[in-house]
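**Student:** Sharing a structure below in structure tokens format, with a few things to ask.
The values are calculated or read from the model by the stated rules, or taken from the named source; none is laboratory data. None of the values given here were measured: they were computed from a predicted structure. All Cβ positions, even for glycine, are placed from backbone atoms using ideal geometry, and neighbour counts span all protein chains on display.
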Amino acid sequence: MTYCLGIVTRDGLVVAADSRTNAGVDYISTYQKLFDFSLPGQRMLLLCTSGNLSITQSVLNALHRDLKLDECENLHTLPTLYEVACYVGQTIRQIQERDRPWLERDKIDCSSNCLLAGQIEGESPELYLIYRQGNCIQATPETPFLQIGETKYGKPILDRILSYETAVEDAAKCALLSIDSTMKSNISVGPPIDLVMYKANSLQIDYRLRLELGDPYLTKIRKQWEISLKSAFDQMPSVDWEAHTRESPA
């Protein structure tokens, strides 16, 4: 499975992804899911992928091919991030249409979703979720994060903590806790964890890290988060059984 997360704030962008593609009883494999297509000084572009691995690899190869051949329409020539998102969606559709009949014949899911985060010179930072059908939606100040893959376990902390006004440094910390919460509940999501923090208008990536299994910082925040949650739980008032019993209708 996969868990990838993008956050947009007034200060910039945060993108995080795990690297696990398979988690069986006796076989665990990893594959990078966060890819940098930036052109420093002109545009910052990050792409996260989830879904069928052969489809996502083919999509990435096609994007790299168009850049190498200097096609008139590629990641570095399109003038807006929305147009870049549409171009990536079109590429997903083309690859799926080519491979779908053969995959579906053996009942293999051919779906692939992407997160596109970036900023093009003269525009604001933006974040898009590109669906397997090729269409996309954009994160907004009202909904400043988007997820793909195994989303449910890491969503509660995002709902409670994040806003468009959150400092980008705090958004990065929140992203790691969201991924750690997912890893705690689902074995199909796991390290290494790739994390990028981008400050608006810099047009280059200055903050990037990879957290391997057993990384001291990852261990520290997991332990501290569990202690904090336990402390908060202990401070919650107990259920007032008698009061609610009296209020219940006969």
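**Student:** In region 70-109, how many are of a type outside the set (D, E, K, R), under 20 Å from Leu129 (Cα atoms) and part of a loop (DSSP other than H, G, I, E, B)?
**Tutor:** 6
**Student:** Let me ask another. So which residues in region 98-153 are exposed (fewer than 15 other Cβ atoms within 10 Å of the Cβ) and within 13 Å of the chain's Cα centre (by Cα)?
**Tutor:** Lys152
**Student:** When the residues of region 125-155 are filtered to those that are basic (Lys, Arg) and assigned to a loop (DSSP other than H, G, I, E, B), which remaining residue is modelled with the highest pLDDT?
**Tutor:** Lys152
**Student:** On to the next question. Could you list, in sequence order, all residues of region 151-189 that are under 19 Å from Leu53 (Cβ atoms) and in contact with a helix residue (DSSP H, G or I) (Cβ under 6 Å, 6 or more places away or on another chain)?
**Tutor:** Val189
**Student:** Exactly one condition in (1) surrounded by fewer than 18 Cβ atoms within 10 Å (Cβ to Cβ); (2) assigned to a helix (DSSP H, G or I) is not met by Leu158; state its number.
**Tutor:** (1)
**Student:** Out of curiosity, is Gly122 free of Cβ contacts under 8 Å to residues at least 40 places away in the same chain, within 23 Å of Arg20 (Cβ to Cβ), out of contact with any strand residue (DSSP E or B) (no Cβ under 6 Å at 6 or more places or on another chain) and assigned to a loop (DSSP other than H, G, I, E, B)?
**Tutor:** When the stated conditions are applied, Gly122 does not pass them.
**Student:** Looking at region 125-158 only, could you name the residues that are in contact (Cβ under 8 Å) with a residue 40 or more places away in the chain, β-branched (Val, Ile, Thr) and under 27 Å from Ser202 (Cα atoms)?
**Tutor:** Ile130, Ile148
**Student:** When you look at Ser238, is it surrounded by 11 or more Cβ atoms within 10 Å (Cβ to Cβ) and either in a loop (DSSP other than H, G, I, E, B) or at pLDDT below 95 (or both), yes or no? Walk me through how you get there before you give the answer.
**Tutor:** Numbers: surrounded by 11 or more Cβ atoms within 10 Å (Cβ to Cβ): no; either in a loop (DSSP other than H, G, I, E, B) or at pLDDT below 95 (or both): yes.
For Ser238, the condition - surrounded by 11 or more Cβ atoms within 10 Å (Cβ to Cβ) and either in a loop (DSSP other than H, G, I, E, B) or at pLDDT below 95 (or both) - is not met.
**Student:** Here is a follow-up. State whether the residues of region 216-235 include one that is out of contact with any strand residue (DSSP E or B) (no Cβ under 8 Å at 6 or more places or on another chain), outside any helix (DSSP H, G or I) and farther than 30 Å from Gln42 by Cα.
**Tutor:** Step one: of region 216-235, the residues out of contact with any strand residue (DSSP E or B) (no Cβ under 8 Å at 6 or more places or on another chain) are 216, 219-235.
With outside any helix (DSSP H, G or I) added as a condition, the list becomes 235.
Still in the running and farther than 30 Å from Gln42 by Cα: 235.
The answer is yes, given that some residue of region 216-235 is out of contact with any strand residue (DSSP E or B) (no Cβ under 8 Å at 6 or more places or on another chain), outside any helix (DSSP H, G or I) and farther than 30 Å from Gln42 by Cα.
**Student:** Condition first: among the hydrophobic types (A, V, I, L, M, F, W, C), at positive phi and modelled with pLDDT of 95 or more. Can you find one or more residues in region 198-220 that meet it?
**Tutor:** Yes, that holds for at least one residue.
**Student:** With the requirement that a residue be of a type outside the set (Ser, Thr, Tyr), over 17 Å from Trp225 (Cα atoms) and either at pLDDT below 85 or buried (at least 22 other Cβ atoms within 10 Å of the Cβ) (or both), what does region 174-192 give you?
**Tutor:** If the condition is that a residue be of a type outside the set (Ser, Thr, Tyr), over 17 Å from Trp225 (Cα atoms) and either at pLDDT below 85 or buried (at least 22 other Cβ atoms within 10 Å of the Cβ) (or both), then Asn186, Ile187, Val189, Gly190 are the ones that fit.
**Student:** Mind listing just one residue for me: the one in region 203-217 that is within 22 Å of Ala117 (Cβ to Cβ) and touching a Pro at 6+ places or on another chain (Cβ under 9 Å) and, of those, surrounded by the most Cβ atoms within 10 Å (Cβ to Cβ)?
**Tutor:** Leu211
**Student:** Can you work out which of the residues in region 48-57 that are in contact (Cβ under 8 Å) with a residue 40 or more places away in the chain and farther than 15 Å from Ile193 by Cα is surrounded by the fewest Cβ atoms within 10 Å (Cβ to Cβ)? It would help to see each step written out before you state the result.
**Tutor:** First, pick out the residues of region 48-57 that are in contact (Cβ under 8 Å) with a residue 40 or more places away in the chain: 48-52, 54-56.
Next, from what is left, pick out any that are farther than 15 Å from Ile193 by Cα: 51-52, 54-56.
Numbers: Gly51: 20, Asn52: 21, Ser54: 14, Ile55: 23, Thr56: 24.
Filtering first and then ranking leaves Ser54.
**Student:** Right, next: Name the single residue, out of those in region 68-104 being acidic (Asp, Glu) and touching a residue at least 12 places away in the same chain (Cβ under 8 Å), that is nearest to Cys136 (Cα to Cα). Working first, answer last.
**Tutor:** First pass over region 68-104, keeping only residues acidic (Asp, Glu): 70-71, 73, 83, 97, 99, 104.
Still in the list and also touching a residue at least 12 places away in the same chain (Cβ under 8 Å): 73, 99.
Working: Glu73: 18, Asp99: 21 Å.
The selected residue is Glu73.
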